[in-house]
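Peer 1: One structure, as structure tokens, below. Some questions next.
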Amino acid sequence: MRVIKIFLPSFALGIVLWSLFAASWARAEQPHPTEPQIEAAYLYNFGKFVTWSNTSGVSTGEVFEICVLGKDPFGPILDATVAGESIGDKKITTRKISNLQESSHCRVLFISSSEESRLKPALAAAKNGGTLTVSDMPHFADKGGMIQFVPRDNRIRFEVNLPATEEAGLTLSSELLKVAVKVIGKPGN
Amino acid sequence: MNMLVSGTALLLACAAFFAYDQFTFRQGLVRTLSAQAQIIGSNSVSAITFNDPQSAINTLSALKSSPNIESAGIFTASGELFAQYLRDGGNEALTIQLLPEGKAEAYRFGSMHLVLVHSIVFQGKPVGTVHLRASLQELDQRLRRYTSIAAVVLVLSLFAALLVSAAFRRSVAEPIVQLVDVARVVSQDNNYSVRAAPTVVRDEVSLLVDAFNNMLDQIQRRDDALQKAHDELEERVEERTRDLVSSNRELEAFSYSVSHDLRGPLDTMNGFSYLLLKNYSNQLDANGKESLQGIRTAVRRMSELIDDLLNLSRVTTSIMHREEIDLASYSRSIMEELCHRGPERHVEFVAPARADAYADPRLMRIVIENLLQNSWKYTSHHQHARIEFGSKEQEGGIVYFVKDDGSGFDPRSADRLFQPFLRLHSAAEFPGNGIGLATVRRIVQRHGGTVWAEGMVEQGATFYFTLESVRSEVPSRAS
């Protein structure tokens with residue numbers, strides 16, 4: 001009994017100290033965003049540099065939808081990133097879809113690498129619908145995807161397939177193209 | 001003195017211009033820098049958003065074209081340095097300057113730098129900040145350049161002003177000052193022969209100088225004419241004086257010889273009549289003695305008359321010497337004499353302690369003598385007589401008087417009083433030959449004064465006289 005009485009306070013103290021330490025350690029970790037966080041932020045920011053023309057298939061609605069097709073790598077991160085944000089006057093919403101029919105309202109569509117085998121029809125549907133397709137699967141841009149995330153120098157960069165965007169009726173700001181690592185379809189690239 | 005004033009004015013004007021120029025230049029600098037910051041900011045949005053520092057560095061490198069921008073930096077919204085630009089190379093990391101709350105831009109002027117911070121906003125959201133640091137060297141150089149320009153301009157314009165002022169002084173101020181000097185010489189020294197030197201340039205000032213000299217010519221001519229007239233007058237006066245002097249001397253000689261010649265027979269008559277009375281009185285009866293007495297009396301009277309006439313002539317012609325004299329003392333001594341000669345008379349005499357006058361003592365003595373003798377004579381019928389001598393101040397001068405309470409005279413005959421020989425009383429009443437008052441009048445006239453009398457029958461008479469209405473500085477004329 002006596003032993004517990006002596007050791008208990010110091011033990012409790014030790015736990016408190018450890019948790020504080022761990023918490024600060026965890027907080028110190030925060031300035032380095034994870035890949036999903038960066039990609040989520042990019043998905044949201046792409047919307048600021050893209051103009052959807054009237055001829056694009058996306059019906060003009062009150063919301064700006066960002067959709068994720070296939071296995072969702074973001075989890076709650078995407079929702080957290082876009083919470084309360086707007087593009088222009090449109091509020092941003094997110095949606096996880098599993099088939100192409102649901103993609104008609106999407107402005108931005110992230111195609112997960114799980115859909116690699118079904119890429120072609122997905123891209124075709126997106127093109128008709130005037131949706132900006134983004135993915136991190138390899139050769140996405142070469143295969144007709146519009147923006148492909150590429151890790152470069154410890155950072156997430158991206159490649160752009162310009163003709164694909166033009167076919168879908170999308171206009172990408174030169175500011176966006178400026179920071180792209182590669183722009184396919186532009187003379188000189 | 002003028003230089004100081006104009007120099008100060010110029011300096012103040014220059015300083016004002018400088019200050020304004022500095023101010024506007026600074027404002028211009030800020031505006032340029034702000035524009036640059038905005039351009040850089042909007043071009044860096046995507047770089048920051050998609051974490052592409054190289055793109056931002058490329059954007060910043062365009063600042064090479066602005067030689068005054070020393071360094072620039074782009075910071076993320078969380079305050080980290082994203083990209084930087086240093087004009088002179090080097091690796092020093094820039095530090096963030098915080099923007100005040102709610103402001104999109106802030107700038108600060110240091111001693112040699114201008115630092116401007118501009119917030120980058122993209123679609124309503126702050127994305128980061130742009131920092132620009134510009135050197136104020138150009139400003140400094142500008143200031144230096146202006147200062148040297150101003151100094152040169154100041155010196156040149158002061159010099160020009162000096163030249164203009166000297167020219168002005170030479171052509172306008174100096175001739176006028178000279179005119180003033182000449183005018184002063186003319187008034188102070190009464191020298192009308194000076195003239196102002198004519199100016200070289202024929203302008204309005206030279207007209208003034210010419211007119212001035214003409215005026216002086218006129219004045220000099222007038223002055224000469226005046227002097228000539230004065231001299232002529234002097235000459236004429238001297239001539240007349242000489243004539244007068246000579247005729248006076250002739251008269252004097254004549255009177256003297258006449259009296260002398262007249263005296264002769266009179267003395268003879270006097271002597272013989274005396275002898276007759278003395279040696280042949282026992283052979284003469286009363287009639288005879290009476291006749292002889294009559295002759296003696298007549299002779300005596302004639303002698304007196306001759307003396308008086310001589311006196312009168314002398315009074316007229318003699319030289320007058322004025323002195324400060326006291327008439328009251330004369331009156332007292334004359335009265336004493338009269339009392340001594342006539343001790344049986346009871347006469348009360350009143351006179352002031354002093355009666356000053358500036359006149360010829362000998363002639364004035366005659367005046368007082370004649371007047372007092374008259375009073376003495378014409379009060380002889382009264383038991384008791386009062387004779388007064390005095391003076392009173394009147395405007396214009398002093399009036400002297402001799403007053404008695406004797407037999408007086410009829411005022412209607414006052415004008416005959418002073419004429420010689422005209423007597424208002426017969427010789428039986430009062431002895432006398434009528435010369436006395438004429439003599440008094442002559443003497444008083446010679447002194448520049450007047451004599452007049454007031455009286456009533458049996459109520460006394462007062463004789464007034466003045467001597468020269470104003471005591472002047474003109475010395476008595478020698479005649």
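Read the figures in this text as sums done on the coordinates, not as results from a lab. Bear in mind that the values here come from a model prediction, so they are computed numbers and not experimental data. All Cβ positions, even for glycine, are placed from backbone atoms using ideal geometry, and neighbour counts span all protein chains on display.
Peer 1: Name the long-range amide H neighbours of residue A:150: under 5 Å, sequence gap of 5 or more, or other chain; modelled H, no Pro or chain starts.
Peer 2: A:157, A:158, A:159
Peer 1: Then there's this: Given H placed on each backbone N at 1.01 Å, which residues far from residue A:94 in sequence or on other chains put an amide H within less than 5 Å of it?
Peer 2: The list, which skips near neighbours in sequence, is A:66.
Peer 1: Take the Cα atoms of the range B:207-305, build their convex hull, and give its volume per residue in Å³. List each step's numbers first, then the result.
Peer 2: Details: hull volume 9.0 nm³, N = 99.
Normalising the Cα hull of the range B:207-305 by residue number yields 90 Å³.
Peer 1: Can you pull a Stokes-Einstein diffusion coefficient for the protein assembly as shown at 10 °C (1.306 mPa s), Rh from Kirkwood over Cα pairs, as a whole number of µm²/s?
Peer 2: Once the numbers are plugged in, D ends up at 38 µm²/s.
Peer 1: I'd like the Karplus ³J(HN,Hα) series for the range B:222-231: coefficients 6.51, -1.76, 1.60, θ = phi - 60°, whole numbers in Hz, and an x wherever there's a Gly or Pro.
Peer 2: So the J values, rounded to whole Hz, are 4, 4, 4, 4, 4, 4, 4, 4, 4, 4.
Peer 1: A follow-up question, please. Apply the Karplus parameterisation 6.51 cos²θ - 1.76 cosθ + 1.60, with θ equal to phi minus 60°, to every residue of the range B:52-65 and state each ³J(HN,Hα) to the nearest whole Hz, in sequence, with x for glycine and proline.
Peer 2: 10, x, 4, 4, 5, 4, 4, 4, 5, 5, 5, 5, 4, 6
Peer 1: Antiparallel versus total DSSP beta bridges in the protein assembly as shown: what percent is that, nearest 5?
Peer 2: 70 percent
Peer 1: Sort B:291-303, A:145-157 by packing, meaning the average of other beta carbons within 10 Å per residue, with the highest value first.
Peer 2: Numbers: B:291-303: 14.7, A:145-157: 18.1.
Top of the packing list down: A:145-157, B:291-303.
Peer 1: Based on Cα positions only, what radius of gyration and what Dmax would you give for the range A:35-184, in angstroms?
Peer 2: Cα only, the range A:35-184: 13.7, 39 Å (Rg, Dmax).
Peer 1: When a/c is below 1.5 the answer is rounded, else prolate if a/b is larger than b/c, else oblate, so apply that to the range B:268-387 with a ≥ b ≥ c taken from the square roots of the Cα gyration tensor eigenvalues.
Peer 2: Because a/c hits 1.5 or more and a/b fails to exceed b/c, the range B:268-387 counts as oblate.
Peer 1: Using the alpha-carbon atoms, what tilt in degrees (0 to 90, nearest 10) does helix B:327-341 show relative to the longest principal axis of chain B?
Peer 2: 10 degrees
Peer 1: Using amide H atoms built 1.01 Å from N in the peptide plane, name the residues 5+ places from residue B:120, or on other chains, whose amide H lies under 5 Å from its own.
Peer 2: HN-HN under 5 Å from residue B:120: B:127, B:128, B:129, B:130.
Peer 1: What ³J(HN,Hα) values, in whole Hz, does the Karplus curve 6.51 cos²θ - 1.76 cosθ + 1.60 give for the range B:106-120 when θ = phi - 60°, with x put for Gly and Pro?
Peer 2: Calculated HN-Hα couplings, in order: 8, 9, 9, 8, x, 5, 10, 9, 10, 10, 10, 10, 10, 7, 8 Hz.
Peer 1: Taking the Cα atoms only, what angle lies between the long axis of helix B:286-317 and the longest principal axis of chain B, rounded to 10 degrees?
Peer 2: Here the helix axis deviates by roughly 20 degrees.
Peer 1: Oh, and also: Among A:98-107, B:417-426, how do they line up by average Cβ neighbours within 10 Å per residue, starting with the highest?
Peer 2: Final packing ranking: A:98-107, B:417-426.
Peer 1: Determine the shielding of peptide B:38-49 by partner chains: average, over its residues, the number of Cβ atoms on other chains within 10 angstrom of each Cβ.
Peer 2: 3
Peer 1: Quick one: angle between helix B:137-168 and the longest Cα principal axis of chain B, in degrees between 0 and 90, rounded to 10, please.
Peer 2: Taking the Cα atoms of chain B, the angle to B:137-168 is about 20 degrees.
Peer 1: Could you please report the charge total around residue B:134, scoring K, R as +1 and D, E as -1 over all other residues with beta-carbon less than 15 angstrom from its beta-carbon? Don't skip to the answer; put the middle values down first.
Peer 2: Numbers: positive: B:26, B:31, B:64, B:87, B:108, B:133, B:142; negative: B:70, B:88, B:105, B:138, B:140.
Surrounding charge for residue B:134 is +2.
Peer 1: Rounded to the nearest 5, what % of DSSP beta bridges with both residues in the range B:271-427 are antiparallel? Show your work: numbers first, answer last.
Peer 2: Values: 12 of 17 bridges.
If we restrict to bridges inside the range B:271-427, about 70 percent are antiparallel.
Peer 1: Which value, in nm² and rounded to one decimal, describes the direction-averaged projected area of the C-alpha convex hull of the range B:339-479?
Peer 2: 9.5 nm²
Peer 1: Still on this structure, I have one more. Net charge near residue B:375, counting Lys/Arg +1 and Asp/Glu -1 over other residues with Cβ under 15 Å of its Cβ? Can you show the working numbers first?
Peer 2: Details: positive: B:332, B:341, B:345, B:377, B:386, B:403; negative: B:336, B:337, B:348, B:369, B:388, B:404, B:405, B:454, B:458.
Combined, the nearby Lys, Arg, Asp and Glu give -3.
Peer 1: Sum up the charges of everything whose Cβ sits under 14 Å from the Cβ of residue B:362, counting Lys and Arg as +1 and Asp and Glu as -1, but leave residue B:362 out.
Peer 2: +2
Peer 1: I would also like to ask the following. Enumerate by residue number the GluC sites (Glu not before Pro) in the range B:320-421 meeting two conditions: DSSP loop (anything except H, G, I, E, B), and at most 15 other Cβ atoms within 10 Å of the site's Cβ.
Peer 2: B:344, B:395
Peer 1: What shape does the range B:277-344 take by its C-alpha gyration tensor, where a ≥ b ≥ c are the square roots of the eigenvalues and a/c under 1.5 counts as rounded, a/b above b/c as prolate, and the rest as oblate?
Peer 2: The shape class here is oblate.
Peer 1: Under 18 Å from a label point 7 Å along Cα→Cβ of residue B:62: give me every residue in the range B:16-36 with its amide N that close.
Peer 2: Inside the label zone: B:31-36.
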